[in-house]
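Please treat every number below as a calculation from the coordinates, not as lab data. This one's a predicted model, so the numbers in the text were calculated from it and none came from an experiment. Positions of Cβ are generated from backbone atoms using ideal geometry, with glycine treated the same way; all protein chains shown enter the neighbour counts.
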Amino acid sequence: MKYAGNYGMPISGFLPGYKVMSYILPLRITDHIERVRNTAIFYRVRLSIMLGRKSKLSLRNKRTIFKMCIRMVVTNASPVFAHADPKALNRLQVIQNKFCISATDAHWSIRNSILHRDLELPTISKYMKDASKIFFDITGSHPNAFLRAAVNYEPPPSCHFVPRPRNVLNDLPDTLTAAVESLMEVNDMTD
């Protein structure tokens, strides 16, 4: 039996390679994250001339290219895999951190949270959490009763073994996201 879920567990009702919302489910979520990471690295390397240290583009334009090209690849189908292993998601965050460093030509001692604040980029986990919230809000008001029923389930207790996509809304932010949010709040208070 082939498995399609996180940690090798089957996603009930779906077979590997089954097309869901114009997205083909891979065998495991970690395999999907690795494939997304490799694709994002491919795009980042190809765009490094425009997004790199010596580029004449403004930071605003570099950020726009990153958001439109690379982040879209990284967060494709993110409501499905936003609850994956934090180590796997951290590998996606590293791509965004490297972009921030190269786009701003920052010294190695500058913290990632400060770069994210200056570029006004949320962390990958924060962006996925917001995307999941929007996804569940839209799906909750969908005319299809089956979709509404799937959204209205109660998340199991936090000690439950199998993480579900809706649980990501209840998760606490990671340390980088918390640092960026606190810097954004301080920035808003001073403005």
What is the spin-label model distance, in nm, from Ile134 to Asn187 if the labels are put 7 Å beyond Cα along the C-beta direction? 1.9 nm
Would you mind checking Lys56/Lys126; Lys87/Lys126; Lys56/Lys98; Lys67/Lys126; Lys62/Lys98; Lys98/Lys126 for any pair whose Cα atoms are more than 21 angstrom apart? Lys56/Lys126
In whole Hz, with x marking every Gly and Pro, tabulate ³J(HN,Hα) for the stretch 141-150 from phi via Karplus 6.51 cos²θ - 1.76 cosθ + 1.60, θ = phi - 60°. 9, 6, x, 6, 5, 5, 5, 4, 5, 5
For the stretch 51-115, what are Rg and Dmax over the alpha carbons, in angstrom? 13.1, 38
Which Cα, out of Ala88, Gly52, Ile29, lies furthest along the positive dipole direction of the stretch 25-152 (beta carbon charges, K/R +1, D/E -1)? Gly52
Starting from the Cα of Lys133, draw a straight line to each of the aspartates and glutamates and keep only those under 18 Å, dropping any in the same chain fewer than 8 residues away. Glu154, Asp171, Asp174, Glu181
Modelled label-to-label distance, Lys56 and Arg111, 7 Å Cα→beta-carbon offset: nm? 3.6 nm
